Structure formats: structure tokens, C-alpha cells
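The structure appears right after this line, and notes come after that.
The values are calculated or read from the model by the stated rules, or taken from the named source; none is laboratory data. Note that the coordinates shown come from a computational prediction; the quantities given were computed from them, not determined experimentally. Here the Cβ positions follow ideal geometry from the backbone for every residue, glycine too, while neighbour counts run over all protein chains shown.
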Amino acid sequence: MEFFPKTKSNLPLVSIIIPCRNEEKYIKRCLESIIINNYPKEKLEVIVVDGMSEDKTREIIKEYSKRYLFIKIIENPKKFTPFGLNIGIKESKGEIIVRMDAHAVYEENYIFKCLKYFEEYKADNVGGVIRTLSSKNNLWAKAIAIVLSHPFGAGSSSFRVGSPKPKWVDTVFGGCYKKEVFKKIGFFNERLIRSQDIEFNQRLRKSGGKILLVPDIKVYYCPQSTFKDFLKHNFNDGVWTVYPLKFGIKIFSWRHLIPLFFVLGLIILSEISFSLFLFVIFFYFLASIFFSFFVAIKEKNPGLLIVLPIVFANRHFGYGFGSIWGLIKTMI
């Protein structure tokens, strides 16, 4: 398939799938970024799959669907993301499927760039780099956004920390696929409430598929804005890194297990040698303060030196304890 023919009429029909639930704060920005996208609207359909939202999400989407015929809303009675994705894909008419997130805003050339690199690299899934934005204009929200894009907080996750050039990876944020890939390897695993994209991309790679990360493709993402919500998010991330083992599914790579080993190690040390436990804790926070210091200088915000170490700990310990609970759940 040629993605850049001489006439627009030969461009592929692209189906954007957006699973969502209770996203009244973000869905407008997401849809507006798609509307101003420079891909021809006659070659675009946007399917928002709503998981029975209890706020004004559905009303907002319905308003947009009345104004823009290429946007439609369908319901996801089972509420969770993998069901929504599969419902949307099965309802779609496009040759190309683009998964999008309601918490994100997309650059105006996002779709064209996905297709360009799709063809240029002969990839089976293409995704971009996340630019994490503060959800609110306060110190905690800013610190959360920084932690999710800093190597000390996000590890070696390329779609979070970036890459100097396109590279083959094990997974990407969102993703752009040919629809035929779902006929080949199946749909998203509905037993996985989270991490279903990682598992799907594992199956894609095992079938011989290639996944491309392109730093020139940018997504602007708004994470949780409060300490409590961020902790809950990290805990659930940790749970669903390990819990899929219950179903005989290994989705993690070794980088995902570092918080688990770290927290387990601290628990064991606290029983064996409390002084050694304190020694490790001291050097952990020393490292955290070290990274926070340079971020605070770069951002010209001394308050980050105080808040960032706490938010880094939120990420690491929340994820680690979540992984421990996920491990326990596999044995129950």
C-alpha cells in the first residue's frame, strides 16, 4: 500500500480508536487535536468507545459527533480498556488502526508521520515519544510530569525518556497498525485490565512483527495531578506487571522488575540488618536528591528539590509494592 500517492483519494482510510471512561477533563483537548490534524477528514473516522462514564464524558463526545460526522461514540458495557479497544477495532472500517489515549494531545501531523515511517521502515507498529505535561499548575503536578519522563523515574522506557533517532523497540505508546494484523495475531487480551498493549506487542514481535519508535512523532500526555492518584496509578502499574503470570502470560522485561527487587530487598534487609537497611535507604534518597538538584536548576524552581525526591519515591515504592501484591495474587 502506498501511503503518499499523488491524490488524496488514494490515501488509506484511518480509524482512530479511543477507549475512555470518565474523561470529561481531557476528552475535549484530545478530540480538538484530532480535528486540527492535517489528515483529510474524508479519510478519517474517530471511534470513541466509552466505558459507561458517570461524568459528562458522553455528553461532550456526542456534541462533537453532531458537529463532525467522522466522530462517533459507541458504548463499552464492560468498562475496561481492552474491551473498548476490541469493540472499536471490530467496528472500524479503516485499513489503518491508530490507538489513541483520551489523556493525550496529538500534533497536527501525527497521522501522516505515522504512515510515513510505517512505509519507510516497513514496520508493523509505529509510535512516538511522550512529552509529559503538568495536569495542573502546581508543584506536585509538575513534579509528577517530570518523574514520568526522567530516566531515574521511568528507567529505560524509550517512549517516555526519548530517543535521538528512530529505533526498534518492544512496545510503544498507543500505536499505529494495519488492521490485518488483528486478523493475524488476534485482538487485545481482555483478561488484562492493564498492560494489554505490552502483551499485544509481544505477540506481534513473536509473529515476526517489528515495532518502531520515532522521536519525530510527538504526543503530549497529562498524567495524574495529585500525590494520592499518582500512588494509586503506580501501585496498579506494579500489580499488572506481575499479575498476568496468573494466566500464564509474561509481559515484563527485567527493567519492569527493578522496583519489585528493590522493595523486596529492603524488606529482607530490615529483618536481617536494620543498619544496612538504613544505609541503602540513605543512598537511595541521596541519589534521588542528586537528580532532583539538577532538575531544579534546569527548571529554575528550587521547590522541586524538596518535592521531587518524594515523588520519585512514590513512583518506585508504589510500583514495587504493587508488584509484590501482584505476585501474591498470582498464588492466591
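Below are the figures for this structure:
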item	result
Qualifying strands (runs of 3 or more DSSP E) (wholly inside the stretch 111-222; at least 3 residues being within 24 Å of Ile258 (Cβ to Cβ))	125-132, 211-221
Val239 vs. criteria farther than 19 Å from Glu199 by Cα, at pLDDT 95 or above and β-branched (Val, Ile, Thr)	no
Selection count, the stretch 187-202, where residues are surrounded by 19 or more Cβ atoms within 10 Å (Cβ to Cβ), in contact (Cβ under 8 Å) with a residue 40 or more places away in the chain and either in contact with a Cys (Cβ under 9 Å, 6 or more places away or on another chain) or among the aromatic types (Phe, Trp, Tyr) (or both)	1
Selection status of Asn234, buried (at least 20 other Cβ atoms within 10 Å of the Cβ), within 30 Å of Ala102 (Cβ to Cβ), at pLDDT 95 or above and touching a Lys or Arg at 6+ places or on another chain (Cβ under 9 Å)	yes
So Phe279, is it of a type outside the set (Gly, Ala, Ser), buried (at least 16 other Cβ atoms within 10 Å of the Cβ) and assigned to a helix (DSSP H, G or I)	no
Checklist (1) touching a His at 6+ places or on another chain (Cβ under 7 Å); (2) under 22 Å from Gly162 (Cα atoms) applied to Phe262, failing item	(2)
Only one of Ser195, Ser288 that is among the polar types (S, T, N, Q) and outside the structural domain of Lys122 (by TED's automatic domain parsing)	Ser288
Subset of the stretch 150-167 that is surrounded by fewer than 21 Cβ atoms within 10 Å (Cβ to Cβ) and touching a Lys or Arg at 6+ places or on another chain (Cβ under 6 Å) - its residue that is nearest to Ala123 (Cα to Cα)	Ser156
Which numbered condition Ile18 fails, given (1) farther than 14 Å from Val98 by Cβ; (2) touching a residue at least 60 places away in the same chain (Cβ under 8 Å); (3) among the aliphatic types (A, V, I, L, M)	(1)
Filter result (of a type in the set (Phe, Trp, Tyr) and either over 21 Å from Pro19 (Cα atoms) or without any contact (Cβ under 8 Å) to a residue 60 or more places away in the chain (or both)) within the stretch 88-121	Phe112, Tyr117, Phe118, Tyr121
Tally of residues being buried (at least 16 other Cβ atoms within 10 Å of the Cβ) and part of a loop (DSSP other than H, G, I, E, B) across the stretch 237-274	3
